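**Student:** Before anything else, here's the structure in question.
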Amino acid sequence: MNYEFVIVDDHPLYREALRSAVAAACPDSDFFEADGVVGLFDTLERHPRPDLLLLDLNLPGACGFSALAHLRGSHPELPIIVISAMDDSSIARQALAFGAQGFVSKSADAASIGRSVQAVLRGELVAPAGLRPDAEPAADAAALDVAQRMAQLTPQQFRVFGMLCSGRINKQIAYDLQITEATVKAHMTAILRKFGASNRTQAVLLAGRLVIDPSELRPLPEGVE
């Protein structure tokens, strides 16, 4: 059977290795690649119904599980396998709690990756050895609520929010996205409403429930635009 796969990782050599591993398990398939959030959304606009997405957890333009949470809202039927070098059980459990159908360590060999892909395509959940996919989720209720709010963002709002979390001001965001500052402010207003936040700092702190390393977040002092 011919499948369509999207591979999202910022390291080209690992994307190549991942593609080879999946191709060995699923011959004659089509592959589309991206190295960050912007490329991910562009790829999904061109190829809106892939059979499986393999998502790096440490992704430019995202913080922690934010991209996974957003994709669960924008593409709820899309199976996702999280690929990560951070492979302790708590991170794997969180990935499954936030909506991934599988979690695979970057240290896994090609055959294991191929088997995991085949299992998810069959509708199975895939977790590291010794971890029960149906175990109690590692994410608490507050984090799951933030994930649901993240899922409500449009792709452009998610791009803006990711830049906000990295400490960029409105002018920088407008320049990078080639939009006006007024449009950035309109997106910010919508983002705050969806997060139920009264200001930018509060929204970024809420997003902190989805990060693995708190240093990923660099909120600006309130009033800085």
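**Student:** What number of residues within the stretch 112-145 satisfy the criterion of being modelled with pLDDT of 95 or more, part of a loop (DSSP other than H, G, I, E, B) and not charged (D, E, K, R)?
**Tutor:** 1
**Student:** Sort through GLY102, GLY162, GLY114 and tell me the only one that's buried (at least 18 other Cβ atoms within 10 Å of the Cβ), over 16 Å from ALA207 (Cβ atoms) and either under 16 Å from the mean Cα position of the chain (by Cα) or acidic (Asp, Glu) (or both).
**Tutor:** GLY102
**Student:** Quick one: would you say ARG193 is at pLDDT 95 or above and under 22 Å from the mean Cα position of the chain (by Cα)?
**Tutor:** It is true that ARG193 is at pLDDT 95 or above and under 22 Å from the mean Cα position of the chain (by Cα).
The values are calculated or read from the model by the stated rules, or taken from the named source; none is laboratory data. Remember, predicted model here, so these are calculated numbers, not experimental data. Virtual Cβ from ideal backbone geometry, glycine too; neighbours counted across all protein chains shown.
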